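Note sheet for the following structure.
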Amino acid sequence: MIGPSSAGPPDAGYERLLRRLDDDEVRAGAALDRLRRALLKFFDWRGAFWPEDCADETIDRLARKLAEGTAVLDIPAFCHGIARMVLHEAVRADARRAPLEEADPPTVEPAEPQAEEALLDNLEHCLDGLPEGGRDLVLAYYAEDSGGPRIRHRRDIARRSGLTDNALRSRVQRLRDSLEECVRRRVAAAGRGARPT
């Protein structure tokens, strides 16, 4: 269940959202879970690259709107409107940047053991060059690779780090962008016969 202690928006917004979904706390939590599952389907069916992140962002924004005192007559309809905006933003962002997992490193053929080993060496070097705590954060963030456990794992990392879910995602994305740039630079330098930095 998504709740105020583990999510990004202010507690007041979550409290209002839960009260709007149902007066009973347990039923409200179940309704919030159903809402999140519906959002996951919405984003997944429309090809969002990170459906879980998009669903969380939608709920975060809905809770913030409620915390700000925005009058919401129909929670599902209002949430659907927010989801459409989040999807639009996500599609634009995905078009601007290729995820690290899918990036094609220039001049490296992963099928060759030597090239693969060189790429892993570059990745290790770049991980070590991340700001203090960056390596551990990136490795921990991507430790789980499936649905529910991954979401709970990432929320736990955010809570332990004193960050909101959104702040954690942003920090990891910046680290990942830095890591990707470092690996690309080193691979390109090796391709030119220069010493990687």
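Where a number appears in this text, it was derived from the coordinates with a stated rule and is not lab data. Everything quoted here is computed from the prediction, not taken from an experiment. As a convention, Cβ positions derive from the backbone with ideal geometry for all residues, glycine included, and neighbour counts pool all protein chains shown.
Numbers for the structure displayed
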| item | result |
| --- | --- |
| Cβ-derived FRET efficiency at R0 41 Å, residue 49 paired with residue 23, nearest 0.05 | 0.65 |
| Sorted by Cβ neighbour density within 10 Å, fewest at the top, the residues 16, 34, 135 | 34, 135, 16 |
| Dimensionless Rg ratio for segment 109-191, taking C-alpha atoms and the 2.2 N^0.38 Å reference | 1.24 |
| Of every Cα-Cα pair in segment 11-96, the percent that sits beyond 18 Å | 41 percent |
